[in-house]
Amino acid sequence: MKINVLTLFPEMFSAVTGSILGKAAEKGLLEFNFINIRDFSNDKHKKADDYPFGGGPGMVMLADPIFGALNSIDAKGKKCIYMSPRGRVLNQDMIQSLSEEGELTILCGHYEGVDQRVLDYWEMEEISIGDYVLTGGELAAMVLIDSVARMIPGVLAGEESAMEESIYSGLLEYPQYTKPRSYEGMDVPEVLVSGNHKLIRLWKLEQSLELTKKNRPDLFDAFVKNHGDFTKDEQKVLEKVLK
Ligand code: ADE
């Protein structure tokens, strides 16, 4: 997947080009193209924003440098996203479908937003990462890039993607433990070292159900209504958690 990012702060993106996504880029699974919007300003001071027509607080990003940047990558007709607290809130279904695109172009706004004509002409999909306001779209774009990239086959180790398909999908993850078996008087749950794979699976399901019920009752209710085929034992676990 090719990912174009239009930003006033390209240096911020070193946070995603390191580690796992950097390795994916080396393997040819991802290609990053960071474009500094200011490079396309025709103003001698490299101005990228101006006062809003009709008044109001803050500055608005100019259409012209953004049009220049988008024309330079032939973005017309391709998937363009504008990170904005006004957009549809990102979720795993949207992430999955974005991961199936061959190319994504992401515009990061600053100040009070961008000239609406940018969004209209380039048919930008507005996406928010949650009901709070950041100082700019860069951190939001990094959240989107990271969450989309990990869904691309080959970017992560196999086990994690398989997880999404299992009976746990739609539930929060169960607790994890590693060595040592006893730490500062706290022991790893006995079942996890029992070697009984069936009991381990049921324990993990129960933990996931309990956590989801407590932290995300909305997800829990949806899971109870829509979960796939359960074995008798799994059904018993669910009934215990429902009590
Ligand atoms: N820019 C500022 N706040 C944002 C948010 N919550 N999501 C996406 N982009 C943003």
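Only the coordinates and a few stated rules stand behind these numbers; no lab work does. Values in this document were obtained by computation on a predicted structure and should not be read as measured data. Positions of Cβ are backbone-derived with ideal geometry, glycine not excepted, and every protein chain shown enters the neighbour counts.
Sequence gap at least 6, Cα distance under 8 Å: using those rules, report the relative contact order of the stretch 117-243 to the nearest whole percent.
Working: 61 pairs, mean separation 26.6, N = 127.
Relative contact order here is 21 percent.
Each residue of the stretch 143-153 in turn: what ³J(HN,Hα) in whole Hz from Karplus with 6.51, -1.76, 1.60 and θ = phi - 60°, glycine and Pro shown as x?
Values per residue, Gly and Pro as x: 4, 5, 4, 4, 6, 6, 4, 5, 8, 7, x Hz.
Check E126: other-chain or 5+ apart residues with amide H under 5 Å from its amide H, H built from backbone geometry?
Long-range HN contacts for E126: Y82, R88.
So which chymotrypsin sites (Phe, Trp or Tyr not before Pro) in the stretch 185-243 are both in a DSSP loop and have at most 14 other Cβ atoms within 10 Å of their Cβ? Write down the numbers at each step before the final one.
Working: sites: W203, F220, F223, F230; in loops: F230.
In loop regions of the stretch 185-243 (DSSP not H, G, I, E or B), the sparsely surrounded chymotrypsin sites (Phe, Trp or Tyr not before Pro) are F230.
What nm distance separates the two modelled labels at N33 and L139, each placed 7 Å from Cα along Cα→Cβ?
Here the modelled spin labels are 2.9 nm apart.
Give me, ordered by chain and number, the residues 5 or more places off D49 or on other chains with an amide H under 5 Å from its own placed amide H.
Answer set, sorted by chain and number: L62.
Given a Förster radius of 51 Å and the C-beta distance between A63 and L238 as r, what FRET efficiency does 1/(1 + (r/R0)^6) yield to the nearest 0.05? Numbers along the way, then the final one.
Working: r = 54 Å, r/R0 = 1.06.
The value I calculate is 0.40.
Using modelled amide H (1.01 Å from N, peptide plane; none on Pro or chain starts), what sits under 5 Å from the amide H of F34, excluding residues fewer than 5 places away?
Residues meeting the criterion, in which the H sits 1.01 Å from N, are V5.
Loop-only check: which trypsin sites (Lys or Arg not before Pro) in the stretch 6-49 are DSSP coil with at most 15 other Cβ within 10 angstrom?
K27, K44, K46, K47
Rounded to two decimal places and with Rh computed the Kirkwood way over Cα pairs, what is Rg over Rh for the stretch 165-242?
Working: Rg = 13.5 Å, Rh = 13.5 Å.
Reported Rg/Rh, Kirkwood definition of Rh: 1.01.
Only Lys, Arg, Asp and Glu count, each charged at its Cβ (+1, +1, -1, -1), so figure out the dipole size of the chain about its Cα centre, rounded to 20 debye. All intermediate terms of the calculation are to be shown ahead of the outcome.
Working: 27 positive and 38 negative charges, 96 e Å.
It works out to roughly 460 debye.
Please compute one quarter of the surface area of the Cα convex hull for the chain and express it in square nanometres.
If I average the Cα hull's projected area over directions, I get 18.2 nm².
Taking the highest mean first, how do the peptides 110-122, 168-180 order by number of other beta carbon atoms within 10 angstrom per residue? Don't jump to the answer; show the numbers that get you there.
On the way: 110-122: 17.5, 168-180: 13.5.
Peptide ranking by packing, descending: 110-122, 168-180.
Of the listed peptides 134-140, 54-60, what is their order by residue-averaged count of other C-beta atoms within 10 Å, with the highest listed first?
On the way: 134-140: 18.7, 54-60: 10.7.
Ranking the peptides 134-140, 54-60 by packing returns 134-140, 54-60.
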